[in-house]
1. So, R276, is that one over 30 Å from R110 (Cβ atoms), among the basic types (K, R) and buried (at least 17 other Cβ atoms within 10 Å of the Cβ) or not?
2. Here is a list of conditions, (1) over 15 Å from the mean Cα position of the chain (by Cα); (2) closer than 20 Å to L63 by Cα; (3) in contact (Cβ under 8 Å) with a residue 60 or more places away in the chain, and S116 meets all of them except one; can you say which number that is?
3. Across the range 120-148, what is the number of residues that are open to solvent by less than 10 Å² (accessible area, probe 1.4 Å), out of contact with any helix residue (DSSP H, G or I) (no Cβ under 9 Å at 6 or more places or on another chain) and closer than 13 Å to G41 by Cα?
4. Only one of these conditions is not met by Q126: (1) touching a residue at least 60 places away in the same chain (Cβ under 8 Å); (2) polar (S, T, N, Q); (3) in contact with a Ser or Thr (Cβ under 9 Å, 6 or more places away or on another chain). Which number is it?
5. Those residues that are among the aromatic types (F, W, Y) and under 24 Å from R255 (Cα atoms), I need them from the range 201-237; list them, please.
6. Within the set of pairs 6+ apart or on separate chains, which have a first residue in the range 59-80 that is farther than 16 Å from S112 by Cα and assigned to a helix (DSSP H, G or I), a second that is open to solvent by less than 60 Å² (accessible area, probe 1.4 Å) and at pLDDT below 95, and C-beta atoms under 6 Å apart?
7. Sort through A154, A160 and tell me the only one that's part of a helix (DSSP H, G or I), crowded, with 23+ Cβ neighbours inside 10 Å and in contact with an Asp or Glu (Cβ under 6 Å, 6 or more places away or on another chain).
Amino acid sequence: MEQQRGISIALMGIDGSGKTSLLTHLGRAFDDAGLEWVNVGRKSVIRQAADTGGYPGASLERLWLEAWRLLFGGGHRSGSPVDAVIPLQFEGMTTDRFIELLPDSVAGVRRSGPVSTMWTEYAIDQIVRAEAVEPALRRGAIALSDGFGYKSAAKVLRIARELPDPAIPDETLDRFSDLIRTAYGDAYLQPDIGILLDADPERSYEWRRGLGRLGPAEDLWLAGRTGRAAFVDLQSAVAQDLVDAAKAWGWHVLRVDGRPQRTTAEEAMDIVLRHRRVRERVGDRRKET
């Protein structure tokens, strides 16, 4: 009997919307139901590929490092380049560690940096889909990701608009915005089940601050603005981009409004269980037991 194809699930939302927590809840639910699932989030796949060696491990490592280095776009603090905190070798890449090494402010960031980060991350997502998601689906597993690349793309484009750099005009950024939304809307990258966590940026700010310092692209630090207002301004704009894309793609939208995470997880699991192939698998597992 031919192996039934698996199901891909992607979560999307602004920084601090609870995507990683929801992945954990869903993973436990799949475990309880006896369903095989694989974490195909970008970070997880890159770490696993780095451990196995060979293609695509080395390529993903290099792309990941350069995506971070490009993000800073030549920015400096008192003449010292801030991208010097990014290690040259993947073994030294710990996101939390280098974030703590960043200065409180940065100057001179150019649009070409964040824009190139967007295209570099898109290349990563193409590889992840072909080399991690597809193999999982072919063997019938659930491929679950706590992120979807369009969110990062929308965010860096919003940051680029805040940078006073005429080298890449606003009109070009408009075209890039249309292009990247179309690219991620292609059936190749679209999941079988897409769930947008539509979160309040004010709540997300409180949650993110509770974890420590914000990441360099979570507020407008690259454009010279930090703090609550900078976070809320950026994330509110990104949230609207995500809602528009989710509606165009037919994704499910879950409002994150302060309810317990367990409630959000239950709603997400209800969405997943409405998918025919998931229902069939759960039913088959129950028959076996």
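The values are calculated or read from the model by the stated rules, or taken from the named source; none is laboratory data. This one's a predicted model, so the numbers in the text were calculated from it and none came from an experiment. Neighbour counts run over all protein chains shown; Cβ positions are idealised from the backbone, glycine included. The area values use the complete protein model at the heavy-atom level, side chains included, leaving out ligands, DNA and RNA. Shrake-Rupley method; radii C 1.70, N 1.55, O 1.52, S 1.80 Å.
1. It is false that R276 is over 30 Å from R110 (Cβ atoms), among the basic types (K, R) and buried (at least 17 other Cβ atoms within 10 Å of the Cβ).
2. Of everything listed in (1) over 15 Å from the mean Cα position of the chain (by Cα); (2) closer than 20 Å to L63 by Cα; (3) in contact (Cβ under 8 Å) with a residue 60 or more places away in the chain, S116 misses just condition (3).
3. 1
4. For Q126, the failing item is (3).
5. Matches in the range 201-237: Y205, W207, F231.
6. So the pair list comes out as L60/I46; L60/A49; E61/A50; E61/F90; W64/I46.
7. A154
The rows are residues; the columns are (1) of a type in the set (A, V, I, L, M); (2) in contact with a Gly (Cβ under 7 Å, 6 or more places away or on another chain).
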{"residue": "A141", "(1), (2)": "yes, yes"}
{"residue": "V156", "(1), (2)": "yes, no"}
{"residue": "D178", "(1), (2)": "no, no"}
{"residue": "A183", "(1), (2)": "yes, no"}
